[in-house]
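Have a look at the structure below before the remarks.
The values are calculated or read from the model by the stated rules, or taken from the named source; none is laboratory data. Nothing here was measured: the structure is a model prediction, and the numbers come from that model. Reconstructed Cβ throughout: ideal geometry from the backbone, glycine too, with neighbour counts over all protein chains shown.
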Amino acid sequence: MAPRSTKTQPDDFEERILDIDVVDEMQGSFLEYAYSVIYSRALPDARDGMKPVQRRILYQMHEMGLRPDRSHVKCARVVGEVMGKLHPHGDSAIYDALVRMAQPFSMRLPLVDGHGNFGSLGNDDPPAAMRYTECRAAPAAGLMVESIDEETVDFAANYDGSEQEPVSLPAAYPNLLVNGSSGIAVGMATNMPPHNLGEVIAAARHLIKHPGADLETLMRHVPGPDLPTGGRIVGMDGIRDAYARGRGTFKMRATVTVEQVTPRRKGLVVTELPFTVGPEKVISKIKDLVNSKRLQGISDVKDLTDRAHGLRLVIEVKNGFNPEAVLEQLYKLTPMEESFGINNVALVDGQPLTLGLKELLEVYVDHRFTVVRRRSEYRRGKRRDRLHLVEGLLVALVDIDEVIRIIRSSENAAQAKESLIARFGLSDVQTQYILDTPLRRLTKFDRIELESERDRLRAEIEELTRILESDAELRKLVSTELGQVAKKYATPRRTELLESAGAPVAAVPLEVADDPCRVLLSSTGLLARTANGEPVFDQEAKRTKHDVIVSAVPATTRGETGVVTSAGRLLRLTVVDLPQLPESPPVPNLAGGAQLSEFLTLEDDERVVCLTTLDESSPGLALGTEQGVVKRVVPDYPSHKEELEVISLREGDRVVGAAELRTGEEDLVFITDEAQLLRYAASQVRPQGRAAGGMAGVKLGDEAKVISFTAVDPAVDAVVFTLSGSHGTLDDSISTAKLTPFDQFPRKGRATGGVRCQRFLKGEDMLTMAWAGPTPAKAAAANGTPAELPEPDPRRDGSGVPLKKPVAVVAGPV
């Protein structure tokens, strides 16, 4: 092994070893590190509301000329310029700050106009890499750096002394309050919510005019935060504490509405979420709670968010659960309600302080006074310098021939300069400017322009001097400029402020109570339930579409009802699945109902003929078929069967009408297409089991068929409606209709032919439609629009009259 080489020390080497206490070294190093983090990284300046990295980004974009009217550039280019010239840290910190300033859901007034993927709410979708995204300054960024080139703010050396950077920005609006801030330093942190630009500027202008204004007065202008994502703030006590002492807490809630998200179900539609909360976080939490059985009543969660409609999170609520109670569970268990802890820590003269609302506004207003004063001094100086030159040029123009003679007779420029100063009493600067001015500028027209410029400069200098010498004028100017910013950039408030959450929703039971209700079926096939067991239709109300109810039965919200079809089937229907009609005002139609097809699957030639209760203590169900068969069904409906057969039909036969008997004293009414009406007591029909085929109900002629079967209570006023037509034609113009009092038709025996109910006119040979039931009767067209009925005709076998509008269905009151 080769011997280890030894390094000889130089002759003048002197070893020095310093003994340093590790405690002192740690204290000193840590304090230096803590100060660096507090002052140079994590906390914003109370004047412009910017952290150093944000200020450097905006200033460098200003230096690069990335104004709102210029094209976008790669974000990587901006990040590289900032990192290379101003920011002594990595590119990720710079790009993260740039991305946040471009996010409309993070900033109430975005400072960067970005192209590309800049992330999503809650960071569910992270932003793309800076090589894929582009940016330029937003209009608000122009306000932040406005007049920065007029010596309005101090500059300091960058990290290596090669560049100059602003210590703060001029900030034409209170950015710290408008956009808020968050950051974690060493031993302290800041967390400030965004506010509405118009409200903050209104408070600042009030403070300018009334420096002694108290907090209560300022809160009339700034009642609370205005979050970019909207939502609701519940409870104002924490906000008042924060505005008074700089610390406080408030609750943020999502904006939620209860809607009929499907024909069968209600749901909770979320359109706004709490600040910094994304939909993916909410969906994930809901799914975890549902899987762990901690959250009940939710069947599905869908994120229907898009660019056209914005955030739309649909939470479907199971039938039988109160949406309001489910919502209260969501507020309690998910991020749909979050707390925001306000901690108004910002740098004031390099020192971290906790500030209330008034102190924040005072720091900004004082900064703005300084900016406007320094800007005015700069502009006055520039105008004085220009006026000095203009006045000198005008002196030369008075005797331009002498000026030219002196210049021509001089040996060199220095001699010409000295001669002009001696001859006209000009200053060195004025003389040099005259010598540098081209002869083409010394015309008569230019003299007029120079005199006009001189007068304008003197007026501007006078105005700037007046502002600088008067505190009232300075305050007025600052207030006016703030008002102009508000007029151009202020937007309506997005966040709703609530003193409290209102009545506790938890008092509402989670599941819907099994209260009495009524199930309704409209002539257009719409199903719905009422909020109680009482009739909800105002018979005196103006007629509207879908207001003809062909069947209505009492039920309970968590119960079931039956649906009888033309195929002789009875299908079960869960009542709680049906949409509920509002309780008040009285509903004149069933437009809020859902189509039958949402709940039942029917054959192509099968239709619903009526609704029925499944009460086995009732007198039973009466049915009539097209071939004249009648049946009273024994109310025996096994609960384990979803589908029951209530009549065995002959081949080619079908049920044309059915009705649940309430008392057993009703009259059964058959009407055939030959215009024969048979009426007899329901007691003449013996109840049969569900499998039976019924018995003869009406005697039919050759080729005749039953077109209507109903049950009518003889104790109430009733009418018979008939509509005539002709075989082989569908022309409504040759149809006539008749409305006849029901008591004009006598009772007959079962299985007889009955009596004539309408006399046919020329061209008529059949009835196309008929109905018998209680008054007042309502008619409708096939699409559910109201139709008029003819005046009652006391003649039992009289002829009909033409209709003003086609009638497809007639029904009585519910």
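Annotations for the structure displayed:
- Yes/no for Arg632 being touching a helix residue (DSSP H, G or I) at 6+ places or on another chain (Cβ under 8 Å) and either charged (D, E, K, R) or not assigned by TED's automatic domain parsing to the domain that holds Thr557 (or both): yes
Okay, residues lined up against (1) among the polar types (S, T, N, Q); (2) touching a strand residue (DSSP E or B) at 6+ places or on another chain (Cβ under 7 Å); (3) in contact (Cβ under 8 Å) with a residue 40 or more places away in the chain:
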residue: Ser339; (1), (2), (3): yes, yes, yes
residue: Gly381; (1), (2), (3): no, no, no
residue: Asp401; (1), (2), (3): no, no, no
residue: Asn412; (1), (2), (3): yes, no, no
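- Filtering the range 121-170 to residues that are without any contact (Cβ under 8 Å) to a residue 12 or more places away in the chain and in a helix (DSSP H, G or I) leaves only Asp149.
- If only residues of the range 783-804 that are free of Cβ contacts under 8 Å to residues at least 60 places away in the same chain and closer than 25 Å to Gly593 by Cα are counted, the one that is surrounded by the most Cβ atoms within 10 Å (Cβ to Cβ) is Ala787.
- Counting only residues that are modelled with pLDDT of 80 or more and either surrounded by 12 or more Cβ atoms within 10 Å (Cβ to Cβ) or among the polar types (S, T, N, Q) (or both), the range 443-454 holds 7 of them.
- Matching residues in the range 64-74 - criterion: being within 34 Å of the chain's Cα centre (by Cα) and part of a loop (DSSP other than H, G, I, E, B): Leu66, Arg67, Pro68, Asp69, Arg70, Ser71, His72
- Test: residue in the range 153-164 that is in the same structural domain as Leu86 (by TED's automatic domain parsing) and closer than 19 Å to Val363 by Cβ: yes
- All positions within the range 283-304 that are in contact with a strand residue (DSSP E or B) (Cβ under 7 Å, 6 or more places away or on another chain), of a type outside the set (Lys, Arg) and over 23 Å from Gly559 (Cα atoms): Ile283, Ile286, Val290, Asp300, Val301, Asp303, Leu304
Yes or no, residue by residue, for (1) at pLDDT below 95; (2) part of a loop (DSSP other than H, G, I, E, B); (3) surrounded by fewer than 19 Cβ atoms within 10 Å (Cβ to Cβ):
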residue	(1), (2), (3)
Leu58	no, no, no
His62	no, no, no
Ala76	no, no, yes
His89	yes, yes, yes
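- Test for Ile184: is it exposed (fewer than 15 other Cβ atoms within 10 Å of the Cβ) and within 21 Å of Met107 (Cα to Cα): yes
- Qualifying residue in the range 605-619 (condition: touching a Phe, Trp or Tyr at 6+ places or on another chain (Cβ under 7 Å), of a type outside the set (Lys, Arg) and under 22 Å from Ile671 (Cα atoms)): no
- Top-ranked residue of the range 628-643 - restricted to ones that are buried (at least 19 other Cβ atoms within 10 Å of the Cβ) and under 55 Å from the mean Cα position of the chain (by Cα), ranked as modelled with the highest pLDDT: Val633
- Answer from Ala622, Ala594, Ala555 - the residue that is in contact with a helix residue (DSSP H, G or I) (Cβ under 9 Å, 6 or more places away or on another chain), over 28 Å from Val261 (Cα atoms) and of a type in the set (A, V, I, L, M, F, W, C): Ala622
Let's see how each residue does on (1) in contact with a Lys or Arg (Cβ under 8 Å, 6 or more places away or on another chain); (2) surrounded by fewer than 20 Cβ atoms within 10 Å (Cβ to Cβ); (3) more than 30 Å from Leu121 (Cβ to Cβ):
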position	(1), (2), (3)
Leu327	no, no, no
Glu338	yes, yes, no
Asn344	yes, no, no
Gln351	no, yes, yes
Thr354	yes, yes, no
Arg379	no, yes, yes
Ile407	no, yes, yes
Asn412	no, yes, yes
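- Counted residues, the range 760-782 - those being surrounded by fewer than 16 Cβ atoms within 10 Å (Cβ to Cβ), over 57 Å from the mean Cα position of the chain (by Cα) and closer than 16 Å to Thr740 by Cα: 0
- Note on the range 290-326: residues that are touching an Asp or Glu at 6+ places or on another chain (Cβ under 8 Å) and either part of a loop (DSSP other than H, G, I, E, B) or assigned by TED's automatic domain parsing to the domain that holds Thr557 (or both) amount to 6.
- Count of the range 78-87 residues which are touching a residue at least 12 places away in the same chain (Cβ under 8 Å) and assigned to a helix (DSSP H, G or I): 5
- When we screen Arg440, Arg466 for residues that are among the charged types (D, E, K, R), outside any loop (DSSP other than H, G, I, E, B) and either surrounded by 14 or more Cβ atoms within 10 Å (Cβ to Cβ) or in contact with a helix residue (DSSP H, G or I) (Cβ under 7 Å, 6 or more places away or on another chain) (or both), the only hit is Arg466.
- Filter pass, Val655 being within 22 Å of Val519 (Cβ to Cβ), crowded, with 22+ Cβ neighbours inside 10 Å and assigned by TED's automatic domain parsing to the domain that holds Cys757: yes
- Total residues in the range 175-206, condition assigned to a loop (DSSP other than H, G, I, E, B) and either among the small types (Gly, Ala, Ser) or within 21 Å of Gly230 (Cβ to Cβ) (or both): 7
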